[in-house]
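Undergrad: Got a structure for you, questions after.
The values are calculated or read from the model by the stated rules, or taken from the named source; none is laboratory data. If you're wondering where the values come from, they're calculated on a predicted model, not measured in any experiment. For neighbour counting, all protein chains shown are included, and Cβ atoms are generated from backbone atoms with ideal geometry for every residue, glycine included. Please note that ligands, DNA and RNA were not included when accessible areas were found on the heavy atoms of the full protein model with its side chains. Shrake-Rupley method; radii C 1.70, N 1.55, O 1.52, S 1.80 Å.
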Amino acid sequence: MASVTIQSVKKNFGDTAILHGIDIDIADGSFTVLVGPSGCGKSTLLRMIAGLEEITDGEIRIGTKRVNDLPPKERDIAMVFQNYALYPHMTVGKNMAFSLMLAKEDQATIATKVGRAAEILALTPLLDRYPRQLSGGQRQRVAMGRAIVRDPQVFLFDEPLSNLDAKLRVAMRSEIKELHQRLKTTSVYVTHDQIEAMTMGDKIVVMREGHIEQTGSPLELYDTPANQFVAGFIGSPSMNFLPGKLRRTADGAQVELADGTRVNAPAHAGGSDGQPVILGTRPEHLTLAADGIPSTVIVVEPTGADTFVACRHGITYLSAVFRERHDFAPDSTIHLQPDVERAHLFDAATGQRLAA
C-alpha cells in the first residue's frame, strides 16, 4: 500500500486546458472518490495517475516515488474499468491470471493468488466459465479479481458501476466498500454519481471544469458546503435555493424573498444588509408551518417511508421530504419553514457560502 500525492497537476489537450493545477493528498489505505459532472476532468486525472495520459505540468507520486515518466506497468497500480475489459476467449480463471502469467509467476503462485481472489469475490464456482456466460455484476467482480491478484499499492476505479442496473449498482457498491475494508489498499474511485461518492468514500474530492471545488469527508461536504455548486451537487434530492436580499436589524437577520416573505437567516451566516443572497435549505430540513414560505403543491410522491413533495414558490421550484404521510391536493398552498440551524447563505454573485 502507498499514499498518492498530486501536486499542481495540469493537463492540456493542445491549447485547451483540462486540469488547472490540481492538489490532492490521498492517504495510505484510504478510499478517495473523485466526483463531479461529466467533463470536469476526473477521469483524465485518474488516467494520469495510471500513466495512461501524460502530465502537462506538476507531479504525481505513489508513495515516495515520482511516477510522471514511468509506464503504467511500473507504477504498481491496478485499474478497474467501466466496460470490464475482459478477454472474451479466456475463462474467468485465465482472465484473472493473465497479468501474473505475463509477469512469469510460477503456476503454484498463480493458482494460490487466483484462488484467494476468487474466494474473496465469491467467484470460485465460475472460474471455468467465459465472460459471455456471466451477468454484468459477475463480470465486474472478475474485473476486480484481476486487479486483486496483482496485489497493487493502489486500486483505481473508473466509473465501474455505470453499466449496471440500479439494484445491482447498490449491491456492488457494498461489495466494493467491503472489499476495501478487508484489503485496506489505497483506492481512488471516479464517479459522477454523488450517492456512490457519499456512501463509499472516506474522502470526497468535488471537481468542476478542471478545478477542485471542495475536499472533505462525506458529512463535511453535506453539512458545510464551501459554495452553492457543492451544496447542490452533494445530496439527493438536491438542496433548494431561494434568491433574496439579506436584511439585518438590531434583532437579527432575515432573508427577504422576491414576494416580500421574510425567513430568518442562519445565525452562523455572514453578509451585509441589503446584499443579494441565496438561501439554501435541504428538502428534509423543511417543515410544515402556519406561516413561512408559501408554496404551491405540484406533485406528491409517497414512497412508504417518506413523502416527497415538489412545489413552487413564485418562479422557484422547491422539494420537501416529510417522514409523515401527507396527501396534499395539487395546486393547494402549503407553508414551509426551513430549519435555520441547518440552512446556509450563499453570495448571489460568487456562489460562495457566507460564513460569519
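Undergrad: Quick test of your reading of the structure: Leu100 fulfils all but one of (1) at pLDDT below 95; (2) not in a helix (DSSP H, G or I). Name the failing condition by number.
TA: Unmet for Leu100, out of (1) at pLDDT below 95; (2) not in a helix (DSSP H, G or I): (2).
Undergrad: I would also like to ask the following. Across segment 17-65, what is the number of residues that are open to solvent by 20 Å² or more (accessible area, probe 1.4 Å), within 14 Å of Val205 (Cβ to Cβ) and among the aliphatic types (A, V, I, L, M)?
TA: Residues in segment 17-65 being open to solvent by 20 Å² or more (accessible area, probe 1.4 Å), within 14 Å of Val205 (Cβ to Cβ) and among the aliphatic types (A, V, I, L, M): 1 in total.
Undergrad: When segment 118-142 is examined, which residues are found to be over 15 Å from Tyr84 (Cα atoms) and either touching a Pro at 6+ places or on another chain (Cβ under 6 Å) or among the hydroxyl-bearing types (Ser, Thr, Tyr) (or both)?
TA: Matches in segment 118-142: Thr124 only.
Undergrad: Considering only segment 122-139, state which residues are in a loop (DSSP other than H, G, I, E, B), at negative phi and open to solvent by less than 70 Å² (accessible area, probe 1.4 Å).
TA: Matches in segment 122-139: Leu123, Leu127, Leu134, Ser135.
Undergrad: Let me ask you something else. So the check is Cβ under 6 Å with 6+ separation or different chains; which pairs have a first residue in segment 151-176 that's touching a residue at least 60 places away in the same chain (Cβ under 8 Å) and a second one that's surrounded by 17 or more Cβ atoms within 10 Å (Cβ to Cβ) and of a type in the set (D, E, K, R)?
TA: Pro152/Asp76; Gln153/Asp76
Undergrad: Something else about it: For Ile212, all conditions in the list (1) open to solvent by 10 Å² or more (accessible area, probe 1.4 Å); (2) outside any strand (DSSP E or B); (3) of a type in the set (A, V, I, L, M); (4) within 17 Å of Leu45 (Cβ to Cβ) hold save one; what is the number of the exception?
TA: Single failed check for Ile212: (2).
Here's the yes/no breakdown for (1) touching a residue at least 60 places away in the same chain (Cβ under 8 Å); (2) in a loop (DSSP other than H, G, I, E, B); (3) in contact with a helix residue (DSSP H, G or I) (Cβ under 6 Å, 6 or more places away or on another chain):
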residue	(1), (2), (3)
Ile18	yes, no, yes
Ser43	yes, no, no
Leu46	yes, no, no
Gly58	no, no, no
Asp69	no, yes, no
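Undergrad: Would you list the strands (runs of 3 or more DSSP E) that sit entirely within segment 221-314 and hold 3 or more residues that are touching a strand residue (DSSP E or B) at 6+ places or on another chain (Cβ under 7 Å) and aliphatic (A, V, I, L, M)?
TA: On the way: elements: 240-249, 252-257, 262-264, 276-281, 286-302, 307-313.
Where strands (runs of 3 or more DSSP E) fall fully within segment 221-314 and carry at least 3 residues being touching a strand residue (DSSP E or B) at 6+ places or on another chain (Cβ under 7 Å) and aliphatic (A, V, I, L, M), they are 252-257, 276-281, 286-302.
Undergrad: Turning to a different aspect of this structure: Look at Ser319 and say whether it is modelled with pLDDT under 90 and under 30 Å from Thr199 (Cα atoms). Reasoning before the result, please.
TA: On the way: modelled with pLDDT under 90: no; under 30 Å from Thr199 (Cα atoms): yes.
Criteria not met by Ser319.
Undergrad: Let me ask you something else. Which ones in segment 92-121 are on the phi > 0 side of the Ramachandran plot and crowded, with 19+ Cβ neighbours inside 10 Å?
TA: Taking segment 92-121 and keeping what is on the phi > 0 side of the Ramachandran plot, we get 104.
Correct list: empty.
Undergrad: Oh, and also: Suppose we keep only residues that are out of contact with any Lys or Arg (no Cβ under 8 Å at 6 or more places or on another chain), open to solvent by less than 50 Å² (accessible area, probe 1.4 Å) and not in a helix (DSSP H, G or I) within segment 163-190. Which one would you say is modelled with the lowest pLDDT?
TA: Per the stated criteria, the residue is Leu164.
Undergrad: State the number of residues belonging to segment 52-97 that are under 22 Å from Thr185 (Cα atoms), hydrophobic (A, V, I, L, M, F, W, C) and out of contact with any Asp or Glu (no Cβ under 9 Å at 6 or more places or on another chain).
TA: Summing the residues that are under 22 Å from Thr185 (Cα atoms), hydrophobic (A, V, I, L, M, F, W, C) and out of contact with any Asp or Glu (no Cβ under 9 Å at 6 or more places or on another chain) in segment 52-97 gives 6.
Undergrad: Oh, and also: Being hydrophobic (A, V, I, L, M, F, W, C) and more than 15 Å from Ile293 (Cβ to Cβ) is the filter here; which residues of segment 329-355 pass it?
TA: Just the residues of segment 329-355 that are hydrophobic (A, V, I, L, M, F, W, C), to begin with: 329, 334, 336, 340, 343, 345-346, 348-349, 354-355.
Ala329, Leu345, Phe346, Ala348, Ala349, Leu354, Ala355, listed by residue number.
Undergrad: Continuing with this model, one more query. Filter segment 163-211 down to residues that are aliphatic (A, V, I, L, M) and within 24 Å of Ser3 (Cα to Cα), then give me how many there are.
TA: Let us first name the residues in segment 163-211 that are aliphatic (A, V, I, L, M), namely 164, 166, 168, 170-172, 176, 179, 183, 188, 190, 195, 197-198, 200, 204-207.
Now narrow it down to the ones that are within 24 Å of Ser3 (Cα to Cα): 176, 179, 183, 188, 190, 197-198, 200, 204-207.
So the count comes out to 12.
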